[in-house]
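Note sheet for the following structure.
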Amino acid sequence: MNQIQIIYTGGTIGMMTDPKTRALKPINFEQIMENVPELERLNCKIKVHSFEQIIDSSNMNPRIWCELADLIHDNYESVDGFVILHGSDTMAFTSSALSFMLENLAKPVIFTGSQLPISAVRTDAKENLMTAIEIAKAKKNDRARVPEVCIYFDYKLFRGNRAFKYNSSKFEAFRSPNYPILAESGVHLKFSINDIRQPVEGPLRVHRRLESDVAVLKLYPGISPKVVETILSADVRGIVMETFGAGNTTTDKWFTDMLKHAINSGKVIVDISQCKVGTVELGRYETSKELKDMGVANGYDMTYEAAITKMMFLLAQYEDPMIIKEMMETDMRGELTVS
Ligand code: ASP
């Protein structure tokens, strides 16, 4: 019989309205189970690990990502797949980070949560949880159908490092406009076989080191030298720069001089777009040509979540900024499409 490991970190899925304060507060996993008697009818064994401190995902951090990676590593041989219950607010950061930390992953790691608590009458939690488990145990020819870190939410399965939370009030909380969904649940569970990554041969390697000091430079018309200088001179080695359209920035000399200076002093700057759909094309417009020449890394169609966590990951693995830049532009776990 298939065995699934559920890891419960917190989030709305496991919250209940406190009758006194009327605020949502976390409940323990046994109470969650009581709300889903259908779990008994799934043809699989379920092991549960509940974090001691159940959190709203706004309190998620790289230390907990490492704990998650360790739990996956320690249970990897004994189970067929993992379902991680996590608040939706920062789920895409955790799923992106885990995708980089787990090299050669050959089993499903499916994140899910919900917009309404599992005890609510109109909850979306039951469907999300039940189908996430179905996906985590799905196999074909004895191999996992989705050997990837994913997010399952509102009938859709997304690659974890391609999705982002875009809606805080609809059940359809996530989108992944730059990459097709990996599966859709309806009457049947339909897998998009050609879009699912196949694992590379070799044992699972867990990378636990992350450097979380990353700065973000989000551009807007009128941004001043004072603001740009403050961000670029922060004591960090990596900067995620959110630009306009296809990766464009102002061509004002003070701005490009500041970027050049930062790069020459050993910082890595990656260019991702403020647009949620499409890709960065360095050199397409005059307003990005100079960026390419000075050595800004092309972030292509990466999400903000993937760019931040990939930077944290690469900064911890490598010293040489040239290597970090090159890796930033390389598709490591299906997080970007080189165009
Ligand atoms: N604030 C909650 C969290 O991210 C929202 C949710 O679970 O959807 O933990």
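Report the charge-dipole magnitude of segment 44-102 in Debye, nearest 20, computed about the Cα centre from +1 at each Lys and Arg Cβ and -1 at each Asp and Glu Cβ.
Values: 3 positive and 8 negative charges, 18 e Å.
Computed about the Cα centre, the dipole is about 80 debye.
Which of rounded, prolate or oblate describes the chain when judged by the alpha-carbon gyration tensor and an a/c cut-off of 1.5?
Details: a/c = 2.05, a/b = 1.73, b/c = 1.18.
Here the chain falls in the prolate category.
Using the Cβ atoms and a cut-off under 12 Å, what net charge is assigned to the surroundings of Val83, where Lys and Arg are +1 and Asp and Glu are -1? Before the final figure, lay out each step's value.
Working: positive: Lys47, Lys107, Lys137; negative: Asp80, Glu134.
Within the 12 Å Cβ shell, the charges total +1.
Got a sec? Which residues in segment 60-82 would a label at Lys47 touch, if it sits 7 Å along Cα→Cβ and we count backbone N under 15 Å?
68-82
Taking a ≥ b ≥ c as the square roots of the Cα gyration tensor eigenvalues, with a/c under 1.5 meaning rounded and otherwise prolate when a/b beats b/c, else oblate, which class fits segment 86-167?
Numbers: a/c = 2.60, a/b = 1.33, b/c = 1.95.
Oblate, since a/c reaches 1.5 and b/c is not below a/b.
Okay, helix-only estimate at 222 nm for the chain: each DSSP H run of n ≥ 4 adds -39500 (n - 2.57), divide by all residues, round to 500 deg cm²/dmol; what do you get? Provide the component values of the computation, followed by the final result.
Working: 9 runs with 96 residues, N = 339.
When only DSSP H runs of four or more count, the value is -8500 deg cm²/dmol.
To the nearest 0.05, what FRET efficiency results for Asn141 and Asp293 with a Förster distance of 41 Å applied to their C-beta separation? Display every interim value, and only then the final one.
Numbers: r = 49 Å, r/R0 = 1.20.
Efficiency, from the Cβ-Cβ distance: 0.25.
Once each part is reduced to its C-alpha centroid, what is the distance from segment 275-339 to segment 47-80 in angstrom?
First find each Cα centre; the distance between them is then 28 Å.
Roughly how many debye, to the nearest 20, is the charge dipole of the chain about its Cα centre, given +1 on each Lys and Arg Cβ, -1 on each Asp and Glu Cβ, and no other charges?
Values: 39 positive and 44 negative charges, 115 e Å.
In total the dipole reaches around 560 debye.
Multiply the residue gap between Asn104 and Asp320 by 0.36 nm, knock off their C-alpha separation, and tell me the result in nm, one decimal place. Walk me through the numbers before you get to the answer.
Numbers: separation 216, 0.36 × 216 = 77.76 nm, distance 2.40 nm.
Difference between extended and current length: 75.4 nm.
Taking the highest mean first, how do the peptides 171-181, 194-204, 151-161, 55-65 order by number of other beta carbon atoms within 10 angstrom per residue?
Going from most to least packed, we get 151-161, 171-181, 55-65, 194-204.
Which stretch or stretches of segment 165-180 have amide N atoms under 12 Å from the point lying 7 Å from Val277's Cα along the Cα→Cβ direction?
Within reach of a label on Val277: 176-179.
Which chymotrypsin sites (Phe, Trp or Tyr not before Pro) does segment 212-304 hold that lie in a coil by DSSP with at most 16 other beta carbons within 10 Å?
Tyr285
Check the straight Cα-Cα distances from Lys267 and name the aspartates and glutamates below 18 Å, setting aside those fewer than 8 residues away within the same chain.
Within the straight-line limit of under 18 Å, Lys267 reaches these aspartates and glutamates: Glu211, Asp213, Glu229, Asp235, Glu242, Asp257, Glu290, Asp293, Glu319, Asp320, Glu326, Glu329.
If the only charges are +1 at each Lys and Arg Cβ and -1 at each Asp and Glu Cβ, what is the size of the charge dipole of segment 1-115 around the Cα centre, to the nearest 20 debye? The partial results should precede the final answer.
Details: 8 positive and 14 negative charges, 52 e Å.
Charge dipole of segment 1-115: 260 debye, to the nearest 20.
Can you compute the label reach from Met1? Point 7 Å from Cα along the Cβ direction, backbone N cut-off under 15 Å, restricted to segment 23-51.
Counting backbone N atoms under 15 Å from the label point, the list is 38-48.
So how far apart, in nm, are the two label points at Gln198 and Glu229 if each is 7 Å from Cα heading toward Cβ?
About 5.5 nm separates the two model spin labels.
Which entries in the list Lys139/Lys165; Lys137/Lys170; Lys260/Lys289; Lys137/Lys190 go over 23 Å, if you measure between the two C-alpha atoms of each? Don't skip to the end; give the middle numbers.
On the way: Lys139/Lys165 28 Å; Lys137/Lys170 27 Å; Lys260/Lys289 13 Å; Lys137/Lys190 14 Å.
Pairs exceeding the cut-off: Lys139/Lys165; Lys137/Lys170.
Values in this text are rule-based calculations from the coordinates and carry no lab data. Since the structure is predicted, the reported quantities are computational estimates derived from the model, not experimental observations. Neighbour counts run over all protein chains shown; Cβ positions are idealised from the backbone, glycine included.
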